[in-house]
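Report on one structure; see the data block that follows.
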Amino acid sequence: GVDYPWCASFVSFCLLQAGVHNQKSVSDWCRKHEGDAAYIYREVSCNKWATQLRSCGYFKNSIQFGGDYIPLPGDLIFFTENGIRESHIGIVLYSDGKRVYTIEGNTNQASGMESNGDGVYVKDYTLQSSYIRGYGVLPYATNNSVCPIDYSGERATAGTYISTVAKYVYP
C-alpha cells in the first residue's frame, strides 16, 4: 500500500465539515494550493500549509520558537521533529494556559508527537513543548451570540461532546 501521511487531509476534512469559509468540495481541497492566498483553509501538506499561512500573516510561533501566543479553540497546531520543517498538524481544542489540548489525525495515543500513527486521538502537550512549531490562526467569521463553553464539565453547555478521562469536554 501507499504510505500517505494524512494529518493535513484530516484537518482539511474537519474544516470542510464545519462549513469553514472557502471550502467548496472534496475535489477542491484534495490538492495542493501553494501560492494561492485564497486557500488558507485546506491543504494536503502540513509544511506547505504552514508556509502558506506565514505568507498570509496567519502563523504564530510557539513559545519554544520565540512566540508568546496562547492558542485558542479552532487554531491549527503545527508540529516539528527537527525544529525546522513542519511534519504534523492538528486542531486546537483549547488551552488552559499551561497545556494545549488537540485533536489529530494520523497519530496514536502515546504521549508526544507521532506523525504517522493509526487513527484520530485527543492529545495534550505543554505550551513549551519542543514539538510545537507554531499555530495557524485562521480568520474565522465569528458569531458573538454563541454561549461561552464550559470546558471543565461542571456546567453543561449545549452541543455535542466527546470526553476524556480527565473530564474535559469539547463541543
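Condition first: under 15 Å from Gly90 (Cβ atoms), aliphatic (A, V, I, L, M) and modelled with pLDDT of 70 or more. Can you find one or more residues in the range 19-28 that meet it?
No, the range 19-28 contains no residue that is under 15 Å from Gly90 (Cβ atoms), aliphatic (A, V, I, L, M) and modelled with pLDDT of 70 or more.
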The one condition in (1) open to solvent by 30 Å² or more (accessible area, probe 1.4 Å); (2) out of contact with any Pro (no Cβ under 9 Å at 6 or more places or on another chain) that Thr80 fails to fulfil: (1)
When the range 85-141 is examined, which residues are found to be in contact with a His (Cβ under 7 Å, 6 or more places away or on another chain) and closer than 18 Å to Gln64 by Cα? Met113
Confirm whether Tyr121 is surrounded by 11 or more Cβ atoms within 10 Å (Cβ to Cβ), at pLDDT below 95 and of a type in the set (Phe, Trp, Tyr). yes
So Lys60 fits all but one of (1) under 13 Å from the mean Cα position of the chain (by Cα); (2) open to solvent by less than 10 Å² (accessible area, probe 1.4 Å); (3) at pLDDT 95 or above; what number is the exception? (2)
Residue among Leu93, Leu72 that is on the phi < 0 side of the Ramachandran plot, out of contact with any Leu (no Cβ under 6 Å at 6 or more places or on another chain), part of a strand (DSSP E or B) and open to solvent by 20 Å² or more (accessible area, probe 1.4 Å): Leu93
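The values are calculated or read from the model by the stated rules, or taken from the named source; none is laboratory data. In this text the structure is predicted, and so the values were computed from the model without any measurement. Backbone-built Cβ (ideal geometry, glycine too); neighbour counts: all protein chains shown. For accessibility, only protein heavy atoms count, side chains too; no ligands or nucleic acids. Shrake-Rupley method; radii C 1.70, N 1.55, O 1.52, S 1.80 Å.
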